Amino acid sequence: MDKSIKNKNNKTSLIIILLLYMICMTSLFCFSKKTHQNRTLKKFYIVIDPLSKNHFVNEKIVKNILFYNNKTKKIGQLCILKMEQKLNNYPFIKKSEVFISVNGTINIKIWQKEPILRIKNGNKESYLTKDAENLELSSLYSSKVVLAKGFFSKEEKKYLANLVKFINSDELLKNQIISIKKNNKNLFVLIPKIGNHYIILGDIKDFKKKLNKLKAFYNQYLNKIDISQYKSIDLQYKDQVVAKKR
């Protein structure tokens, strides 16, 4: 058989399959809509980010967002798109999916925003997410994250988010660094969990090289010296770590 004829037949078959699929899906949608048009909503199945350690959202909040002051709850009156938009407008929800199963159950999947840093500037406090987005504090739940003190520009917040992600990806740094602050000289300083010293990071833009130097220093000396004798560990100098005693 000629190749051009064979290819033409394959394309025709594919088009027919796609058309049949669309017809089936449309029929199923119409059938489902007709079946549930006047049915009262009774069942919910809500899954909230099972892998997340945060608890900013619960089932009660989800139901209040979707059905506050709505007593009828007729399935035929529900708009899936509007339901998802309502959920996504809630500050702590990153993404949502809503669909109705054949038995009339509303299925809702929620992904929460993930704070990685808590910023304190005077009396003002907020979270910073992995995407460097500002997030208000919650009255429902407090996330255990690194604390950062000071005023940070939008650009600095992006670097801060990447800095904390780098720290959290390393077991040594994650267990050692508990807070960050910017001093009056606009230098970034890290506060460790062990010892009474502070770590001078300096400019935040090249933090990876500096933290790798800190890791090398800790791996070589942390178990060999009395770290309490030191006042500061300075990472600002090229290819070296300067540790100052008290």
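Checking TYR141 against (1) open to solvent by less than 70 Å² (accessible area, probe 1.4 Å); (2) out of contact with any His (no Cβ under 8 Å at 6 or more places or on another chain), which single condition isn't satisfied?
Going through the list (1) open to solvent by less than 70 Å² (accessible area, probe 1.4 Å); (2) out of contact with any His (no Cβ under 8 Å at 6 or more places or on another chain), TYR141 breaks only (2).
Can ASN58 be described as within 22 Å of TYR141 (Cβ to Cβ), modelled with pLDDT of 90 or more and open to solvent by 60 Å² or more (accessible area, probe 1.4 Å)?
For ASN58, the condition - within 22 Å of TYR141 (Cβ to Cβ), modelled with pLDDT of 90 or more and open to solvent by 60 Å² or more (accessible area, probe 1.4 Å) - is not met.
Looking at LYS185, LYS174, LYS157, which one is in contact with a strand residue (DSSP E or B) (Cβ under 8 Å, 6 or more places away or on another chain) and either open to solvent by 20 Å² or more (accessible area, probe 1.4 Å) or in contact (Cβ under 8 Å) with a residue 24 or more places away in the chain (or both)?
Just one listed residue meets the conditions, LYS157.
For (1) in a helix (DSSP H, G or I); (2) within 29 Å of ASN54 (Cα to Cα); (3) of a type in the set (Gly, Ala, Ser), each residue gets a yes or a no:
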{"site": "SER138", "(1), (2), (3)": "no, yes, yes"}
{"site": "GLU155", "(1), (2), (3)": "yes, yes, no"}
{"site": "ALA161", "(1), (2), (3)": "yes, yes, yes"}
{"site": "PHE166", "(1), (2), (3)": "yes, yes, no"}
{"site": "ILE178", "(1), (2), (3)": "no, yes, no"}
{"site": "LYS185", "(1), (2), (3)": "no, no, no"}
{"site": "VAL189", "(1), (2), (3)": "no, yes, no"}
{"site": "LYS210", "(1), (2), (3)": "yes, no, no"}
{"site": "LYS213", "(1), (2), (3)": "yes, no, no"}
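The values are calculated or read from the model by the stated rules, or taken from the named source; none is laboratory data. Every value quoted in this text rests on a predicted model; they were computed, and no experiment measured them. Glycine also receives a Cβ, built like all others from the backbone with ideal geometry; neighbour counts cover every protein chain displayed. Note: accessible area is taken over every heavy atom of the protein model, side chains too, but ligands, DNA and RNA are not part of it. Shrake-Rupley method; radii C 1.70, N 1.55, O 1.52, S 1.80 Å.
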